[in-house]
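Accompanying notes for the structure given below.
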Amino acid sequence: MKNSRWLYQVFLTEMRKIVAYRFDFWIQFLVSIFAHITAAYFLWKAVFEYNNTDIMKGYTFRGLMFYYLLVPLIEKIINGSSMGLVSREIYDGSLTRYLIYPVSFFRYKYVQHLAGTVIFFIQLGLTVSVFLMLFGKPVDVTISIKNVSMGITAVMCSGIMTFFINTSIEMIAFWADNVWTLLVMVRFSVALLGGAMIPLAFFPGDFQQLLSYLPFSYMASFPIRSFLGKVTVWQWISGIAVTCLWAAFFILVMFFIWNRGKYKYTGVGI
Amino acid sequence: MIEVQNINKVFRVHKKEPGLAGSIKSLFARQWIEKKALVDVSLSIGEGEIVGLAGANGAGKTTLVKILAGIIHPTSGTAKVLGYNPWERQNEFRRQIALIMGQKAQLWWDLPAEDCFLLLKEIYQIPERQYNENLRFLAETLGVKDQMNIQIRRLSLGERMKMELIAALLHNPRVVFLDEPTIGLDLTAQRSIRQFLLNYRQKRRPAMIVTSHYMEDIEQLCKRIIILRHGSVIYDGSLNGVSKDFTSHKIISVHLKDNNIPVRFRMPEKLGAVINADRGSIDVKVHRESISEAASYILKNLAVSDLTVKEEDISNIIEAIIRED
């Protein structure tokens with residue numbers, strides 16, 4: 001592609017930045033998995049024992065643990081490494097750098113996001129391999145090339161949608177100094193309504209139907225279930241379509257906010 | 001090359017009363033005040049010209065630079081830089097300018113300088129040969145060839161500033177905005193950066209706009225100076241012209257034949273005043289119109305070995321203008 005070598009260079013530079021601090025890189029990775037798995041393990045162990053059953057809503061205990069293992073990894077892939085960065089850059093004036101460069105700001109930011117995605121995909125591959133080696137494949141989980149391809153596509157589409165959602169929210173920093181709370185609210189909604197805290201299969205059917213129209217489930221539950229082989233091809237196609245529709249909506253929102261916000265930028269700190 | 005017509009910039013800032021009560025009050029009702037950062041600023045800068053922007057804190061120097069570099073939009077007025085409207089931020093415009101901010105690092109802290117330069121090479125689409133030549137020239141001239149592989153955050157302030165200069169100049173910009181390029185640096189680093197900028201300008205001849213609190217930067221780099229006060233241009237002309245426009249005095253420096261200054265020596269008030277007397281040297285501040293009369297008086301009353309008439313120190317004059325003395 002003509003004049004797109006810079007995108008590749010941004011991608012490489014971002015990867016270098018992410019792995020520049022290896023202690024932080026591994027600790028973040030291990031702690032987030034450990035926290036998720038430990039809490040889920042004790043909670044669901046008690047639930048399964050209380051109900052005296054091996055399978056609940058299509059999930060075995062080991063299958064659920066595999067689900068919870070994927071939650072922090074998929075969330076990291078979808079959110080990339082640059083969450084909160086745009087708002088910080090607007091707040092402290094670092095955005096100036098990108099306004100000077102003769103390249104598209106959003107392309108730059110998306111490639112930065114993508115670099116995080118690739119690094120965290122590697123972490124996902126490593127973790128899943130270790131889990132399968134140690135505990136074997138849960139019986140309710142199907143791992144196949146088809147499921148992995150469907151999962152990767154779902155994650156990539158969710159990543160694009162999440163980038164547009166997060167960037168739109170972060171650009172509110174043109175008016176409000178601190179937008180971190182809004183980002184936390186999105187994460188909280190993903191946890192509660194997106195299936196990161198409790199798989200959506202445990203929710204009532206009507207509510208599940210309602211949630212399938214909102215973007216939150218496409219930021220956690222849908223890509224995870226695609227990987228686990230828990231969606232039919234038709235469900236997957238409609239899931240991808242909804243993700244793309246939300247992405248299209250938020251790209252319009254993002255440019256709308258940018259076109260107004262750029263007049264508010266004062267480049268503080270210089 | 002740079003044409004600015006009646007630029008105004010008004011910032012709307014929120015005012016908060018001090019203390020916890022003020023903070024709580026501002027949660028419900030906010031008071032806003034309008035701050036005029038630039039008032040009717042017009043100026044014109046030609047190709048290869050190097051212009052100093054001087055003014056106190058808040059005078060509008062950086063705001064003007066930000067507008068000309070396309071970072072912020074003016075409230076009203078027009079500007080053309082290289083024929084482009086800066087705040088439309090066309091890529092062709094951005095490829096030809098550079099902004100160096102002494103107070104804000106633009107390079108990536110966690111990466112070595114060379115990695116940052118490689119990224120900029122692609123962003124500015126610098127041909128391989130030009131990139132290598134420019135990098136070699138800039139790194140050698142600034143004496144940082146051996147620091148290129150060290151993480152930016154591990155470099156000293158002076159070295160970091162030099163890397164920022166390299167990053168900004170790699171693509172041969174035609175217009176360079178330098179905002180406080182020597183701020184916080186020690187005297188040696190300041191001198192070396194000034195010398196580099198002079199050499200660079202001689203070799204590449206870009207137009208340069210320099211803002212600085214250090215008058216030495218302006219004096220050594222610029223022939224023309226624009227002085228801003230409360231957002232308005234109060235002087236735009238040659239550096240030497242500042243003395244003529246803003247001071248009615250000159251200094252007569254006298255060296256005596258011996259080191260003793262007669263105790264009884266006094267200058268008549270209407271001619272001027274002694275501002276410095278030390279070991280056989282006297283400086284007398286005199287009105288421009290009274291120079292010959294004052295010189296005759298001194299020659300008649302003192303045993304003079306040498307007498308020179310000079311302008312007041314330009315940096316003192318500019319500082320006085322900025323301080324509104």
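The values are calculated or read from the model by the stated rules, or taken from the named source; none is laboratory data. Quantities reported herein were computed from a predicted structural model and do not represent experimental measurements. Note: ideal-geometry Cβ built from the backbone for every residue, glycine included; neighbour counts use all protein chains shown. The area values use the complete protein model at the heavy-atom level, side chains included, leaving out ligands, DNA and RNA. Shrake-Rupley method; radii C 1.70, N 1.55, O 1.52, S 1.80 Å.
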Review point. Listed here are the pairs A:LYS109/B:LYS25; A:LYS109/A:LYS264; B:LYS61/B:LYS310; A:LYS109/B:LYS121; A:LYS17/B:LYS66; A:LYS109/A:LYS137; which of them are more than 26 Å apart at the Cα?
Key: A:LYS109/B:LYS25; B:LYS61/B:LYS310; A:LYS17/B:LYS66; A:LYS109/A:LYS137
Practice item. Mind putting a number on the dipole of segment B:113-266 about its Cα centre? Charges go on the C-beta only, +1 for Lys and Arg and -1 for Asp and Glu, and I need it in Debye to the nearest 20. Key: 700 debye
Check your understanding: In debye, nearest 20: dipole of chain B around its Cα centre with unit charges on the Cβ of K, R (+) and D, E (-)?
Key -> 540 debye
Study note, to complete from the structure: Only helices counted: for chain A, with every DSSP H run of 4 or more residues adding -39500 (n - 2.57) and the sum spread over all residues, [θ] at 222 nm is -24000 deg cm²/dmol
Check your understanding: What distance in nm separates the simple spin-label points at A:PHE202 and B:GLU114, each placed 7 Å from Cα in the Cβ direction?
Key -> 5.3 nm
**Study point:** 0 to 90° range, to nearest 10: angle between helix B:157-169 axis and chain B longest Cα axis
**Key:** 60 degrees
Review point. Check B:VAL10: other-chain or 5+ apart residues with amide H under 5 Å from its amide H, H built from backbone geometry?
Key: B:ALA37, B:THR75
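Given Cβ point charges of +1 (Lys, Arg) and -1 (Asp, Glu) and nothing else, what value in debye, to the nearest 20, does the dipole of segment A:2-261 about its Cα centre take?
Once rounded to the nearest 20, the dipole reads 640 debye.
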Study note, to complete from the structure: Per DSSP loop assignment and a cutoff of at most 14 other beta carbons within 10 Å, chain B keeps its longest run without exposed chymotrypsin sites (Phe, Trp or Tyr not before Pro) at B:110-264
Study note, to complete from the structure: Interface residues of segment B:113-152, defined as losing at least 10 Å² of accessible area versus the chain alone with a 1.4 Å probe, are B:ASP115, B:LEU118, B:LEU119, B:LEU120, B:GLU122, B:ILE123, B:TYR124, B:GLN125, B:GLN151
Exercise for review: Would you work out which of A:SER104, A:GLN9, A:THR153 lies farthest towards the positive end of the dipole of segment A:2-261? Charges go on Cβ: Lys and Arg +1, Asp and Glu -1.
Suggested key: A:GLN9
Check your understanding: Counting only residues 5 or more places away or on other chains, whose amide H sits under 5 Å from the amide H of B:ARG89 once H atoms are built in the peptide plane?
Key -> none
Exercise for review: Could you look at the protein assembly as shown and say what percent of its accessible area is carbon and sulfur, using a 1.4 Å probe and all protein chains?
Suggested key: 57 percent
Exercise for review: Could you rank B:GLU140, B:GLU180 by how accessible they are, 1.4 Å probe, largest area first?
Suggested key: B:GLU140, B:GLU180
Practice item. Starting from the eigenvalues of the Cα gyration tensor, five times each then square-rooted, give me the equivalent ellipsoid semi-axes of segment A:2-261, largest first, whole Å. Key: 33, 20, 17
Exercise for review: At 1.4 Å probe size, with no ligands or nucleic acids counted, give the accessible surface of B:ARG194 in Å², nearest ten.
Suggested key: 10 Å²
Review point. What list of ³J(HN,Hα) couplings, whole Hz, do you get for segment A:145-161 from phi and the Karplus terms 6.51, -1.76, 1.60, once you set θ to phi - 60° and write x for glycine and proline?
Key: 4, 4, 5, 5, 5, 5, x, 4, 4, 4, 5, 5, 5, 4, x, 5, 4
Exercise for review: Go through segment A:7-52 and flag every residue whose accessible area shrinks by 10 Å² or more with all protein chains in place compared to the isolated chain (probe 1.4 Å).
Suggested key: A:GLN9, A:VAL10, A:THR13, A:ARG16, A:LYS17, A:ALA20, A:TYR21
Review point. Considering only the protein assembly as shown, what is the antiparallel percent among its DSSP beta bridges, to the nearest 5?
Key: 70 percent
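Please compute the per residue accessible area over the protein assembly as shown with all protein chains in place, 1.4 Å probe, rounded to a whole number of Å².
On the way: 28650 Å² over 595 residues.
Per residue, the protein assembly as shown has 48 Å² of solvent-accessible surface.
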**Study point:** Label zone at B:GLN130, where the point sits 7 Å out along the Cα-to-Cβ direction: segment B:101-123 residues whose backbone N lies under 18 Å
**Key:** B:117-123
Study note, to complete from the structure: Among residues of segment B:71-103, a drop of 50 Å² or more in 1.4 Å probe accessible area, assembly relative to the chain on its own, occurs for B:ILE71, B:HIS73, B:ARG89, B:ARG94
Study note, to complete from the structure: Nearest 10, in degrees from 0 to 90: the angle of helix A:5-18 to the longest Cα principal axis of chain A is 60 degrees
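Is segment A:127-195 rounded, prolate or oblate when judged by the Cα gyration tensor, a ≥ b ≥ c being the square roots of its eigenvalues, rounded requiring a/c under 1.5 and prolate requiring a/b larger than b/c?
prolate
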Point to revise | In segment B:172-286, lysine pairs with alpha-carbon atoms under 30 angstrom apart (chain gap of 8 or more, or interchain) | key: 11
Check your understanding: What's the local net charge at A:GLU170, with K and R +1, D and E -1, over the other residues with C-beta under 15 Å away?
Key -> +3
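Can you give the net charge of the other residues whose Cβ lies under 14 Å from the Cβ of B:LYS300, counting K and R as +1 and D and E as -1? Intermediate results must be reported in sequence, preceding the final value.
Numbers: positive: B:ARG264, B:ARG266; negative: B:GLU293.
Taking every Cβ under 14 Å from that of B:LYS300, the sum is +1.
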Review point. What's the buried accessible area, both sides, between B and A using a 1.4 Å probe, rounded to 100 Å²?
Key: 3100 Å²
Check your understanding: Cβ under 13 Å from A:GLY63's Cβ, A:GLY63 left aside: what net charge do those residues give with Lys, Arg +1 and Asp, Glu -1?
Key -> +3
Revision key, fill the gap. Under the 7 Å Cα-to-Cβ spin-label approximation, A:PHE42 and A:ILE237 lie apart by a distance in nanometres of 4.6 nm
**Study point:** Cα-based Rg of chain B normalised by 2.2 N^0.38 Å, two decimals
**Key:** 1.24
Exercise for review: Quickly estimate the mean residue ellipticity at 222 nm for chain B, helices only: each DSSP H run with n ≥ 4 gives -39500 (n - 2.57), and the total goes over all residues, rounded to 500.
Suggested key: -10000 deg cm²/dmol
Study note, to complete from the structure: Interchain or sequence-distant (5+) residues whose placed amide H lies within less than 5 Å of the amide H of B:LEU53 are B:VAL210, B:THR211, B:SER212, B:ILE226
Point to revise | Between 0 and 90°, nearest 10: helix B:128-142 axis offset from chain B longest Cα axis | key: 30 degrees
